[in-house]
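The values are calculated or read from the model by the stated rules, or taken from the named source; none is laboratory data. Note that the coordinates shown come from a computational prediction; the quantities given were computed from them, not determined experimentally. Here the Cβ positions follow ideal geometry from the backbone for every residue, glycine too, while neighbour counts run over all protein chains shown.
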Amino acid sequence: MDKIRASLLKKSVATKIERRGKILSLSCLALIIVVVFLIFYFVASRGLATFFENHINLWQFLSGTQWNPGTTGTNGQPAVGALPMIVGSFLITILSALIATPFAIGTAVFMTEISPKRGAQILRPVTELLVGIPSVVYGFIGLQVVVPFVRNTFGGSGYGILSGTFVLFVMILPTVTSMSADALNAVPRYYREASLALGATRWQTIYKVVLRAAIPGMLTAIVFGMARAFGEALAVQMVIGNATLLPQNLVSPASTLTSILTMGIGNTVMGSLQNNALWSLAMILLLMSLVFNLVIRYIGRKGKLNNER
Amino acid sequence: MADNTSMTTDQRNIMKFDPKAHEIALSTEDLHVFYGKSEAISEGDLQFERYKISALIGPSGSGKSTYLRSLNRMNDRIATVNGKIMYRGLDINSNDIDVYEMRRHIGMVFQRPNPFAKSIYENIAFALRQRGMNNKQELDEIVERSLRQAAMWDQVKDDLNKSALALSGGQQQRLCIARAIAIKPDILLLDEPASALDPVSTSQIEDTLLELKQNYTIIIVTHNMQQASRISDYTAFFNLGKVLEYAETGDIFTNPKVDLTNDYISGNFG
Amino acid sequence: MNAKRADKLATGILYFVAGLVVLILVALLGYILVQGVPEISWHFLTSPALAFEAGGGIGIQLFNSFYLLFLALLISLPISLGAGIYLNEYAPQNTLTGLVRTTIEILSSLPSVVVGLFGYLFFVVQFKLGFSILSGAFALTVFNLPILTRSIEEALANIDDNQREAGYALGLSRWETVTKIVVPAALPSIITGVVLSAGRIFGEAAALIYTAGQSAPALNFSDWNPFNISSPLSPMRPAETLAVHIWKINSEGIMPDAKAVSAGASAVLIIAVLLFNFLARWLGKRLYKHLTAE
């Protein structure tokens, strides 16, 4: 009797294990958070040096069109104009998303609404598999197939925005498709049944009811694809030509933030302006990835509100 | 009769034991349970006699399960429990009490059978091993004894290494009872243990509980009034978060003092 | 009438679009396999690469890819498991937890090139690890942590609460219940998540070019002492992986048979990813069966 009473007032083995386990798992989580802050701190400390140590004007950095940080440009200042890369990055991101969207949504609708059986058996596994294909493989195929195709069709070297767009289009297609299909699948069955029962055709049901209900999910899919395109480095670097010129047309060699970063980091001396300027490009990448994240969040919150109403 | 309702809800009849004639295993004093701001139990003070079966009945939402789960503090993380829960002269609803140790003495069996995704043997031996019992022979003995007490040894003795999830629902629930008594608790709390089972399994479980009564104090929540009348010694009737009546089971079912109890057991509501 | 015609037209267009996408995807897979598989031979898979002449293999790169994968999983799995457990089992539902989740999401959406650059600054330069297996493994860990944490958290969340209650009711602590009951029950989906993330790590290149480096020095496969720099196990040697190799030979363009080697290496990568996918599904199903019935 008394033994039980006493044991209730003592710290048991379980309590000690519990405390240790909780601390252990919390430290794992804390470690991940620390890593994220370290990433931001390290990239920012280098990236900001361009402006604070080398005293480059931010506006000049964002709007300048000459990129050759080792030399001085026409205005007597170091030539650190990042506009060509910024334009390049946005251009291929937007173009590839524009092309991928109708294909992805069309395929997703086919998979979920027109032929769910084939969708589940063939299309879905294939798209999910393709999501996992390494980006260098896309780059390699781009180099072997897309670049010659562009060269033969449009002239020029074949390297440029167009080739980059094609490669990214194929690369983000599986991701956007499978996420859009998820969004469509999440639309409750009774929405469709109600619409069909009212005498609407299948297409009217899809267009007026299902697609509308799935808009937030599909927007998320597209933005997700854009984030992937914006951050992709090697596949793009392999086909874009890497000329730090403001793109005049879609088939002349151009560059993106990621492509110049991959090319340059190893060839510049740590702490030099050339190097710092590259870290400033990395900082833009980091910030854009935050922006994409915020947009996805915003869409998610909006979608939730709409569904609750 | 309609104008009587306001009066009848104030009617209460709650038995108190004479501590000289009855040994109290567990009791609550001034117990209140809140989910966030809404009060789930506003008054629920009961005493439970040792080596007896006490049944908690009442319509769904009456708070009987909430009350039961508060007794071994399973509600700690989801609800605020105020008041005293007295066990061996200690208020176990206090921060000084080691809650994990306490649950070894006040065990629980749940509504849905929840065996671990482990073998039948491991389901029982696991908690013991976790507390440092590693003697194979000793473990074997406890596994056998617990399964015998739960009246399922003969059915599973050759399949001890099979997954517990392959058992039928009734067998799973008896395994859960065996698992609970393997650590030799003082008190066994059961939350509608037979509600998900067929009549045959239900009656087997009832037989098991009547067996276990010799060594355990049992408190059982049930919405099956026949079950309460078949197996319990005392019955408490819950409604809207309050205990309205607590008495010997025979009295409750033949001669309830509270109108609402009468309405409930005669099937007029709930 | 009109609505019906629109329905037919739309259905036709959808068939066409889906068909086109399937065609693109199949052509993509087909191209890699048709171009690459004929290149694959025992010699190709085992011999070292040759920089200036044709006929080299991918032996060292292949080994490096697997070794890095192994190390990255070795480091990231316990951390993700701990973090996943905390998030799903302990974290209170409040603003701080929300912020933590957001932070992890941000990490998972960072471009892998940024992760690689951070790895370069932090592991290669700051910690003076140089271009090495270790730097690469750490960079891949950073890359893998958020994904794995997320999938482990989801796997744990899918386990019915009644399993936890069963543990608590036996007087087990939350930690014991989670590690000994919930995690084993969630093992099938955890393993699936791990193998799928392995596929991603295996093909990752951008995070590695400035951490594990772009060179694959000759290895002495008879020396298994990790402290010798020419040992395959040495964590301090630079280690070009298969994916980095494909990128490098294509952007340098010195190797005369770069196309053939890349095609072969791409096919190997794809096949590996395929295998990881099938393995993930198969293992998950297998383990699940094992858990639920004998």
*Can you name every residue in the range C:133-181 that is more than 12 Å from chain A (Cβ to nearest Cβ), in contact with a helix residue (DSSP H, G or I) (Cβ under 8 Å, 6 or more places away or on another chain) and within 19 Å of C:Leu87 (Cβ to Cβ)?*
C:Ser151, C:Glu154, C:Ala155, C:Ala157, C:Asn158, C:Ile159, C:Gln163, C:Arg164, C:Ile181
*Identify all residues within the range B:158-189 that are within 9 Å of chain C (Cβ to nearest Cβ), part of a helix (DSSP H, G or I) and either among the aromatic types (Phe, Trp, Tyr) or within 25 Å of B:Ser65 (Cα to Cα) (or both); write none if there are none.*
B:Cys176, B:Arg179, B:Ala180, B:Ala182
*Here are some conditions: (1) under 29 Å from C:Leu187 (Cα atoms); (2) modelled with pLDDT under 90; (3) touching a helix residue (DSSP H, G or I) at 6+ places or on another chain (Cβ under 7 Å). C:Leu269 meets all but one. Which one does it not meet?*
(2)
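Rundown of residues vs (1) surrounded by fewer than 22 Cβ atoms within 10 Å (Cβ to Cβ); (2) more than 10 Å from chain A (Cβ to nearest Cβ), yes/no style:
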| site | (1), (2) |
| --- | --- |
| C:Ile229 | yes, yes |
| C:Pro235 | yes, yes |
| C:Glu240 | no, yes |
| C:His245 | no, no |
| C:Glu252 | yes, yes |
| C:Pro256 | yes, yes |
*Kindly establish whether C:Gly130 is in a loop (DSSP other than H, G, I, E, B), at positive phi and either away from chain A (no Cβ under 11 Å) or among the aromatic types (Phe, Trp, Tyr) (or both).*
yes
*Taking only pairs six or more apart or across chains, which ones have beta-carbon atoms under 8 Å, a first residue in the range B:38-53 that is over 14 Å from B:Met15 (Cβ atoms) and surrounded by fewer than 23 Cβ atoms within 10 Å (Cβ to Cβ), and a second residue that is of a type in the set (Asp, Glu) and at pLDDT 95 or above?*
none
*Would a scan of the range C:78-96 turn up a residue that is buried (at least 20 other Cβ atoms within 10 Å of the Cβ), without any contact (Cβ under 8 Å) to a residue 60 or more places away in the chain, hydroxyl-bearing (Ser, Thr, Tyr) and facing chain A (nearest Cβ under 7 Å)?*
yes
_Restricting to the range C:215-261, and then to whatever is assigned to a helix (DSSP H, G or I) and at pLDDT below 85, can you tell me which residue is farthest from the chain's Cα centre (by Cα)?_
C:Glu252
*For A:Ile222, indicate whether it is in contact (Cβ under 8 Å) with a residue 24 or more places away in the chain and within 18 Å of the chain's Cα centre (by Cα).*
yes
_Among the candidates B:Arg69, B:Arg77, B:Arg73, residue that is part of a helix (DSSP H, G or I) and of a type in the set (Lys, Arg)_ = B:Arg69
*For residues in the range A:109-145 being buried (at least 23 other Cβ atoms within 10 Å of the Cβ) and either more than 9 Å from chain C (Cβ to nearest Cβ) or among the β-branched types (Val, Ile, Thr) (or both), which is nearest to C:Ala205 (Cα to Cα)?*
A:Val136
_Residues of the range B:110-119 that turn out to be touching an Asp or Glu at 6+ places or on another chain (Cβ under 8 Å) and either modelled with pLDDT of 95 or more or within 8 Å of another protein chain (Cβ to nearest Cβ) (or both), as a count_ = 4
*Any residue at all in the range B:192-206 that is within 12 Å of B:Leu56 (Cβ to Cβ) and assigned to a strand (DSSP E or B)?*
no
*Options C:Ser231, C:Ser251; residue that is more than 25 Å from A:Ser259 (Cα to Cα), without any contact (Cβ under 8 Å) to a residue 24 or more places away in the chain and hydroxyl-bearing (Ser, Thr, Tyr)*: C:Ser231
*Which residue, of A:Ala97, A:Ala108, is among the hydrophobic types (A, V, I, L, M, F, W, C) and over 25 Å from A:Val239 (Cα atoms)?*
A:Ala108
*asked:* Please pick out the residue among C:Leu33, C:Leu28 that is more than 9 Å from every other protein chain (Cβ to nearest Cβ), within 25 Å of A:Pro125 (Cβ to Cβ) and within 38 Å of the chain's Cα centre (by Cα).
replied: C:Leu33
*Test each condition in (1) out of contact with any helix residue (DSSP H, G or I) (no Cβ under 8 Å at 6 or more places or on another chain); (2) surrounded by 13 or more Cβ atoms within 10 Å (Cβ to Cβ); (3) of a type outside the set (A, V, I, L, M, F, W, C) for A:Ser25 and report the one that comes out false.*
(1)
*What tally of residues in the range B:122-157 results from selecting those that are more than 24 Å from the chain's Cα centre (by Cα), more than 18 Å from C:Glu176 (Cα to Cα) and not in a loop (DSSP other than H, G, I, E, B)?*
9
*Of everything in the range A:128-175 that's within 18 Å of C:Leu25 (Cα to Cα) and among the small types (Gly, Ala, Ser), which residue is modelled with the lowest pLDDT?*
A:Gly132
*List the number of the failed condition for A:Met226; all other conditions in (1) more than 9 Å from chain C (Cβ to nearest Cβ); (2) farther than 26 Å from A:Val136 by Cβ hold.*
(2)
*Taking the range A:225-235 only, how many residues are part of a helix (DSSP H, G or I) and under 13 Å from the mean Cα position of the chain (by Cα)?*
7
*asked:* Please go through the range A:102-144 and give me each residue that is of a type outside the set (A, V, I, L, M, F, W, C) and in contact (Cβ under 8 Å) with a residue 24 or more places away in the chain, ordered by number.
replied: A:Thr107, A:Thr112, A:Glu113, A:Gly119, A:Arg124, A:Thr127, A:Glu128, A:Ser135, A:Tyr138, A:Gly139, A:Gly142
*With (1) assigned to a helix (DSSP H, G or I); (2) touching a residue at least 24 places away in the same chain (Cβ under 8 Å); (3) more than 7 Å from chain C (Cβ to nearest Cβ) as the list, and A:Tyr41 as the residue in question, which single condition is left unmet?*
(2)
*So which residues in the range B:192-248 are over 15 Å from the mean Cα position of the chain (by Cα) and among the basic types (Lys, Arg)?*
B:Arg230, B:Lys242
*asked:* Taking the condition of being within 24 Å of the chain's Cα centre (by Cα) and either closer than 21 Å to A:Lys304 by Cα or modelled with pLDDT under 90 (or both), how many residues in the range A:176-211 meet it?
replied: 11
_Matching residues in the range C:101-111 - criterion: being within 18 Å of the chain's Cα centre (by Cα) and more than 7 Å from chain A (Cβ to nearest Cβ)_ = C:Ser108
